[in-house]
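Below: the structure, in structure tokens.
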Amino acid sequence: MLKGKTVLLGVTGSIAAYKIAYLASALKKLHAEVHVLMTKNATNFITPITFESLTGTKCLVDTFDRNFQFQVEHVSIAKKADVVMIAPASANVIGKLAHGIADDMLTTTIMACKCKKFISPAMNTNMFENPILQDNLKTLEHYGYEVIQPASGYLACGDTGAGKMPEPETLLSYILREIAAEKDLEGKKVLVTAGPTQESIDPVRYITNHSSGKMGYALAKAAMLRGADVTLVSGPCSITPPPFVKVVPVVTAKDMFDAVTFVSAEQDIIIKAAAVADYRPKQVFDEKVKKQDKEMSIELKKTDDILKYLGEHRTPQQFLCGFSMETQNMIGNSRAKLGKKHLDMVAANNLKVAGAGFQGDTNVLTLITQDEDVSLQLMSKEDAANVILDKILSIMKEREQ
């Protein structure tokens, strides 16, 4: 994912420094070239050898260290960097950077960087809330740094409050958002629906389906990484939503209809990946329906057709993509759906095809438009999400010509 990208990690004197070893390792596994810059104080908490072992590059501490190759001196690294993250960032280094003081390898190199810079403060709560520190952070934001707000919790000093460095997974998400993908969806608003809906029978039971939400969540994440402003309307799912995405949780088909139609007019792209119930119980009981000796039947009524509504009320430049899960006549049924609901594309799959089921991490899709059917090979849902977005962008560009 990050092949060909260079990440600079600046580590300062904080007990949270050990967490950056996990971040460096994660970046290396994603094939990034990782360089770690440490202050001398940071070496009291974690050794440079740890980072050198994880990254395969020399960890730089001393500006005047002669034991490294010329091409990795601080100005060259600064020119090569695609993104910089200072984490943990001490109050001392924050103050230096805010006022242009470059007196060690870390501050000197970062001052020479023109790429995106993230800074993650980590310190005692009282230090973090000190107005001088807050002013320094505002100064850094003024100069283009993005400040990652610290978490609240129990700190190493024994206090409880703001100042705790976020977990490595959170820090990684900021880096990925910045450099993991080309920003070809920047400026676009994308709405994705995902997961199942639940239609109550009584306070205990409901009707639902086997959707896990994985395909919709993959689409939302891919669109976010590509620069879109993403809204994810999600039925009940057990997976963690992607970061930097506006999540609107819903339960019933009616909830999803209301949430989608409330924001649909302002969207450039709508991808309906949710498995919405076609029917719901006509009567919902207030109390649990007790088991009886005789058979029981439940009368059902149709739910609102979200895709049909979107197709009938779409804006002229809006792109509308639906999903179709079939067990027979996949192409015919999906093409009928394309026309009947006024869609631009249907992503169709067959539940009986190996690797295309609800709960799995892979999918086998056929992208159906007015002009063609494009059959895709078995691939991860993350890869499938990007292929879908590539196709959408291709069609949208053709329209503009």
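Values in this text are rule-based calculations from the coordinates and carry no lab data. Being a predicted model, the structure only gives us computed values, none of them experimental. Note: ideal-geometry Cβ built from the backbone for every residue, glycine included; neighbour counts use all protein chains shown.
Couple of notes before you dig in:
- Model label points for His210 and Leu393, set 7 angstrom from Cα along the Cα-to-Cβ axis, are 3.4 nm apart.
- Candidate aspartates and glutamates for bridging to Lys254, where Cα separation is under 17 Å - those fewer than 8 sequence places away on the same chain excluded: Glu199, Asp202, Asp278, Asp304, Asp305
- Surrounding net charge for Phe358, when Lys and Arg each add one and Asp and Glu each subtract one, Cβ distance under 15 Å: +1
- Spread over its residues, the convex hull of the C-alpha atoms of the range 6-179 is 99 Å³ per residue.
- Span from the the range 329-346 Cα centroid across to the the range 178-213 one, whole angstrom: 21
- Within the chain, helix-based [θ] at 222 nm, where runs of 4 or more DSSP H residues each add -39,500 (n - 2.57), nearest 500: -9500 deg cm²/dmol
- Distance violations [Cα-Cα > 19 Å] among Lys138/Lys189; Lys80/Lys138; Lys188/Lys246; Lys188/Lys214; Lys214/Lys301; Lys117/Lys183: Lys138/Lys189; Lys80/Lys138; Lys188/Lys214; Lys214/Lys301
- The range 275-397: translational diffusion in µm²/s, Stokes-Einstein, Kirkwood Rh over Cα pairs, 25 °C, 0.890 mPa s: 147
- Restricting attention to the range 260-383, close to 50% of DSSP beta bridges with both partner residues there are antiparallel.
- Within the range 156-195, backbone nitrogen closer than 16 Å to the virtual label 7 Å beyond the Cα of Tyr18 toward Cβ: 156-158, 165-168
- Integer Hz, Karplus 6.51/-1.76/1.60 couplings in order for the range 358-372, x for Gly and Pro: 5, 7, x, 9, 10, 8, 10, 10, 10, 8, 10, 10, 4, 9, 7
- Within the chain, percent of DSSP bridges classed antiparallel, to nearest 5: 30
- Three-way shape call for the range 112-243 based on the alpha-carbon gyration tensor, with the a/c threshold at 1.5: oblate
- Whole-Å semi-axes of the range 233-305's equivalent ellipsoid (Cα gyration tensor): 32, 15, 10
- All Cα pairs of the chain, percent lying beyond 27 Å: 59
- Here the gap between Lys40 and Lys352, fully extended at 0.36 nm per residue and compared with their Cα-Cα distance, gives a gain of 106.3 nm.
- Average Cα contact separation per residue, the chain, under 8 Å, 6 or more apart, as relative contact order %: 10
- Aspartates and glutamates with Cα under 15 Å of Lys58, excluding same-chain neighbours fewer than 8 positions away: Glu33, Glu73
- Val289 versus Ala112: modelled label distance in nm, points set 7 Å from Cα along the beta carbon direction: 7.3
- Between Thr170 and Lys340, the modelled label-to-label distance comes to 4.7 nm, taking each label 7 Å out from Cα in the direction of the beta carbon.
- Semi-axis lengths, Å, the range 271-318, gyration tensor of Cα atoms, sqrt of 5 times eigenvalues: 36, 10, 9
- Pairwise FRET efficiency - Asp255 versus Lys138, Cβ, R0 = 51 Å, nearest 0.05: 0.80
- Over all orientations, the range 201-270 has a Cα convex hull whose mean projected area works out to 5.3 square nanometres.
- Scoring 352-361, 252-261, 268-277 by mean Cβ neighbours within 10 Å over their residues and listing the highest first yields 268-277, 252-261, 352-361.
- Stretching the chain fully between Asp371 and Asn130 yields a gain of 80.6 nm (0.36 nm per residue, less the alpha carbon separation).
- Packing-based ranking of 205-211, 85-91, 311-317, 288-294 yields 85-91, 205-211, 311-317, 288-294, ordered from highest to lowest mean Cβ neighbour count within 10 Å.
- Counting only whole DSSP H helices of the chain, the ones at least 27 Å long by C-alpha along their axis and with mean Kyte-Doolittle hydropathy no lower than -1.0 are 381-400.
- Other residues lying with their Cβ under 14 Å from the Cβ of Gln318 contribute a combined charge of +1, Lys and Arg counting +1, Asp and Glu -1.
- Taking all Cα pairs closer than 8 Å and separated by 6 or more residues, the relative contact order of the range 6-179 comes to 23 percent.
- Between the range 356-379 and the range 216-290, the alpha-carbon center distance in angstrom: 21
- Within straight-line cross-link reach of Lys28, aspartates and glutamates at Cα separation under 14 Å, skipping those fewer than 8 residues along the same chain: Glu52, Glu169
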